[in-house]
Amino acid sequence: MNLRGEPAHVGRHCGASTYDVTREVVDFYADALDDHSPLYGECAPPLLYHSECYKFLADWYLQNLIGNLHGQQDWELFAPIPIGSRVRTRSTIIDRYHKRGRDYVVNETDVMADDDGRLLVRGRTHQSFLATQAKSGEYVVDQSTAKAKEPRPPFPTATGVELTPTRKVVDARRCWMFSGPSRNYHTDAVEAQKLGFPNIVVQGMMSTCFVAEVMTARFGAGFLGGGRMSLKLTNVLWADESVTAHAKIARSEPEGTSVRTHCDVWVEKDEGVRILIGTASALEQAG
């Protein structure tokens, strides 16, 4: 059951919104992420509506909120979002599955041009919930248990050129700008403790935006209008920690009249703990 006490079934429509893509909204995003691409003079950041799915969480979140975590995020970018345009969104549950003691719900959220319905951006959010009820006041994840996860296979395996990385300090102010203005476990330590975490849990979407920044800097319009990312959130980022987003070219292959360049991507803390790994790609002109 979802937070409304209704079935969170595959195919459930969760909600829709309409937004004007204003200069003020774009500038706020740029300041929140410290991402000031020159492309944002005419186009919005591709993940401007990164958290749209959470506007409707009562329709797709399960009732066992303690210890819930963002497990995976996929993005598909079909066209740039022009500043001054209007967009509309829709949110749908597209999958349910069980894995390693957790129940997963997958929400697909589309961003479309309001005038002609063109699909601009599609996001798929895999949110996990503990299959059994945790005790109130009990930490289900803390700094020590987060670091104690089983080692993963070697990554990255890409052997190509490494793209210019970006380093970020994720303080409480950045958390509020990205996940506020309400008090929640991404903005307030007390709210985090209510859900079984000792400190502010930095929203997983933020790390996906850091990867998008690296890809945008290298591929420009070829990422805004053709980018893809499939990202697994592998560890918890806490407020006041610092991370660096990396990408390394794996291969290139023809795609129509263009070339798609694939990269291994990852985000890691200063001490080397990786909080995100995955793949990303963008289009380039052939030849």
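Where only DSSP H runs of four or more residues are counted, the chain gives -5000 deg cm²/dmol as its mean residue ellipticity at 222 nm, each run worth -39500 (n - 2.57). Comparing 92, 172, 249 along the charge dipole axis of the chain, the residue lying farthest to the positive side is 92, per the Cβ-charge model. Mind checking which of 191, 42, 52 has the largest fluctuation in a GNM of the chain, springs on alpha carbons under 10 Å? Looking only at 191, 42, 52, the largest GNM fluctuation is found for 42.
Basic side chains Lys and Arg get +1 at the Cβ, acidic Asp and Glu get -1 at the Cβ, and with that the dipole of the chain about its Cα centre reaches some 780 debye. Using the 1.4 Å probe convention, the accessible area of the chain works out to 46 Å² per residue with neighbouring protein chains retained. Using a Gaussian network model of the chain in which every pair of alpha carbons under 10 angstrom is joined by a spring, one finds that among 55, 248, 99 the greatest mean-square fluctuation is at 99. The slack between residue 96 and residue 221, meaning 0.36 nm per residue of separation minus the straight C-alpha distance, is 41.6 nm. Simple spin-label estimate for residue 155 and residue 172 gives 3.2 nm between the two label positions (7 Å along the Cα-to-Cβ direction from each Cα). Whenever you get a sec, compute what percent of the accessible area on segment 186-287 sits on carbon and sulfur atoms (1.4 Å probe). That fraction is 47 percent. Shown here: Rg and Dmax of the Cα atoms in Å, derived from the displayed model; of the candidates [x] 24.8, 91; [y] 18.5, 59; [z] 18.3, 55, it corresponds to [y]. Within the accessible surface of segment 1-77, defined with a 1.4 Å probe on protein heavy atoms only, the carbon and sulfur portion equals 56 percent.
The values are calculated or read from the model by the stated rules, or taken from the named source; none is laboratory data. Bear in mind that the values here come from a model prediction, so they are computed numbers and not experimental data. Cβ atoms come from the backbone with ideal geometry, glycine included; neighbour counts cover every protein chain shown. These accessible areas exclude ligands, DNA and RNA; they are computed on the full protein's heavy atoms, side chains included. Shrake-Rupley method; radii C 1.70, N 1.55, O 1.52, S 1.80 Å.
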